[in-house]
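Trainee: A single structure is presented below for examination.
The values are calculated or read from the model by the stated rules, or taken from the named source; none is laboratory data. Note that the structure is predicted; figures quoted are calculated from it, not measured. Don't worry about glycine lacking a Cβ; one is built from the backbone with ideal geometry, like all the others, and counts go over all protein chains shown. With ligands, DNA and RNA removed, areas are computed over all heavy atoms of the protein, side chains included. Shrake-Rupley method; radii C 1.70, N 1.55, O 1.52, S 1.80 Å.
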Amino acid sequence: MNLDNPVVFLSLLTFLPAVAAVAIACFAPRDNPEAIKKATLVVTIVTFLLSMGMLVGWPGIEFDAGQAEMQHLFSVDWIPSFHVDYLMGIDGISLPLIVLTTFITMLGMGASWPIDKHVKAYCVLLLLLETGMIGVFLALDFFLFYVFWEVMLLPMYFLIGIWGGPRREYAAIKFFLFTLFGSVLMLVAILMLYFSSDLRPLGADKLAELKIPEARIEQILAADSPQHTFNILALQQLGQSTDQFKTKLWGWTYEHWAFLLLFIGFIIKVPSVPLHTWLPDAHVEAPTPISMILAGVLLKMGGYGIIRICYPICPEAGYDLAWLVCTLGVVSMVYGAFAALAQSDFKRLVAYSSVSHMGYVVLGLGVWSVASPIYNADYWKMGMNGAMYQMIAHGISSAGMFFMVGVLYERVHHRQLDQFGGIFARMPVYSGLAVGIFFAGLGLPGLCGFIGEFFVVLSTWKYSIVLAVIAAAVVILTAAYILWTLQRVYLGTTYNGPHGEALTPITRRELWIATPLLALAILFGVYPRAILDYMEPSVSLTADRLAPMTQKFEPETEPVDPKVAEAGSGATNITKL
């Protein structure tokens, strides 16, 4: 097997869990659940090591951290009659999320050892879910992207509906319906963009850059009718350089309708208020490892879709609707924090904290702070990089918080905050790890949660001082519910709930799961370049491409002296801040 070939390597990275799932389903003996768990864990470890191979320099497939453009891009004809390609590639936006996916899935499988019902089916579904998640971050053909997006839906539905808590059926159906509703809206937007697209204006050179075969390029350029495409990179070029998506429908252009439909589909996954109500129920009823994956990975797909698809393909709509994006982000931050304060269920509190923390992601992506007369994108780049960093940081801290809740639940079988207390005295090692992970979620300086939130708030100031002040004030609410939770659960001298005799010290397996999460929370807090060096060039390139278009969207203004523009420029590289 030629692993230095991008087609082979990225396909192996994506489909290894699915192939293993089929092998387990067909050949693994049902009466040996321990062996099935071990085999599944090995598959998740190998998949994680494959993803890490691009970081450490796998021969022929290593990732160049200084390159902003798409790397290891390839295209293979899949359904030629409908211009559907097996198109994949990787850049600084997708790579950190892929590594996060494989890492959290590996830890989630380690946290699955208490699962004892239908172990074979559980492991098969978990591996299929991993393939769907990785595929979403690698797919660059809209049809392929949508297939992977839907592949995630069914495994998660069954993982919640079969292995969840007492209200698992209700939570699973609610998750399914919300996600399916968003998927339908996305499908309408995809078809709208597909039938409005025409590749001919891009020219031969640009089509070759998009990995379109030479024979097909000749057919495209010689055609007399529009040549439609599902190629996401091509749709980005068309959205930024042509007027193909400007056809009016009910007073709005196709571009505005497509942005809105895609945005709704993605913020359901984030989730943002008012489309967030599926999340607390899904988290509360899901088993601990599925909650880890749901919070650590699935929520990030919404933010990824906004930065990869919404803004690059529909830039004018993104500019016009920036107020909507930013408002939803701030409302989600405030609402999620107040809702967390009101919870009596430990796990539901952590679920609402995710709504609040992911609001920073939406706000950071939406602060199109590229204003006349300078049209400098530095602060928007800061917001987008902060949003991306927040996704990684939240993936680490939220998975850790849900795991820590699960450790207690496995012992005492309840999550009522008023029935805890004195856990530090009974489980000191576990409590120390838990406090560190919850502080990372709080956004304490020196831990991973601080960096992204700081950049988002700072960038918001250039867009709206009011929104920036509100976003900064949410930190106080976050500290309130985190510190109050730590006080009620871990401090004090007396445990007030049932099954106190079950509060035994943390096991070696649990320690191996919690320690890497806390270690990464510290590493990313004190050395953010560990992520930014890979992420920043690609994220900043997205903003740099869109920033000059601001002048097209605004009324004409007087020309600006280049010296004035230079004086107005801020930091051009976020890693220098």
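Trainee: Rounded, prolate or oblate for the range 81-231? Axes are the square roots of the Cα gyration tensor eigenvalues, ordered a ≥ b ≥ c, and the cut-off for rounded is a/c under 1.5.
Mentor: In terms of gyration-tensor shape, prolate.
Trainee: While we're on this one: For the chain, which whole-number percentage of the solvent-accessible area (1.4 Å probe, protein heavy atoms only) is attributable to carbon and sulfur atoms?
Mentor: Percent of accessible area from carbon and sulfur atoms in the chain: 65.
Trainee: Tell me the per residue accessible area of the chain using a 1.4 Å probe; a whole number in Å² is fine.
Mentor: Each residue of the chain exposes 37 Å² on average to a 1.4 Å probe.
Trainee: Let me ask something additional. Cα centroid distance between the range 406-471 and the range 187-214, in Å?
Mentor: First find each Cα centre; the distance between them is then 44 Å.
Trainee: To continue, here is another question. Rounded to the nearest 0.05, what FRET efficiency do LEU483 and ALA215 have when you use their Cβ-Cβ distance and R0 = 60 Å?
Mentor: After rounding, the FRET efficiency stands at 0.40.
Trainee: For the range 368-489, how big is the tail of P(r) above 21 Å, as a whole percent of Cα pairs?
Mentor: Percent of Cα pairs beyond 21 Å in the range 368-489: 48.
Trainee: Take the Cβ-Cβ distance between ALA473 and LEU154 as r, set R0 to 51 Å, and report the resulting FRET efficiency rounded to the nearest 0.05.
Mentor: The formula returns an efficiency of 0.80 here.
Trainee: Compute the acute angle (0 to 90°) between the alpha-carbon long axis of helix 378-412 and the principal axis of greatest extent of the alpha-carbon atoms of the chain; round to the nearest 10°.
Mentor: The helix 378-412 is inclined about 20 degrees to the chain.
Trainee: Quick one: which of LYS120/LYS174; LYS269/LYS381; LYS211/LYS246; LYS347/LYS462 span more than 28 angstrom between C-alpha atoms?
Mentor: Result: LYS347/LYS462 exceed 28 Å.
Trainee: Here's a follow-up. Can you tell me, using C-alpha contacts under 8 Å and at least 6 residues apart, the relative contact order of the range 91-181 as a whole percent?
Mentor: 24 percent
Trainee: Also, I was wondering about something else. Compute the projected area of the convex hull of the Cα atoms of the range 216-340, averaged over all viewing directions, and report it in nm² to one decimal place.
Mentor: If you wrap the Cα atoms of the range 216-340 in a convex hull and average its projections, you get 10.3 nm².
Trainee: Using 0.36 nm times the number of residues separating ALA502 and ASP418, minus their current alpha carbon distance, what extension gain do you get?
Mentor: Contour length minus the Cα-Cα distance gives 28.5 nm.
Trainee: Once you keep just the Cα pairs under 8 angstrom separated by 6 or more residues, what percentage relative contact order results for the range 270-358?
Mentor: Dividing the mean separation by the residue count of the range 270-358 yields 42 percent.
Trainee: Against the globular-protein guess of 2.2 N^0.38 Å, express the Cα radius of gyration of the range 21-133 as a ratio, rounded to two decimals.
Mentor: The range 21-133 yields a ratio of 1.28.
Trainee: Sticking with the crude label model, points 7 Å out along Cα→Cβ, report the distance from GLU62 to ILE162 in nm, one decimal please.
Mentor: Using points 7 Å along Cα→Cβ, the separation is 4.3 nm.
Trainee: Just grab the label-to-label distance for TRP78 and THR277, each label 7 Å out from Cα along the Cβ direction, in nm (one decimal).
Mentor: Result for the modelled spin labels: 3.5 nm.
Trainee: What nm distance separates the two modelled labels at ALA204 and GLU69, each placed 7 Å from Cα along Cα→Cβ?
Mentor: 1.9 nm
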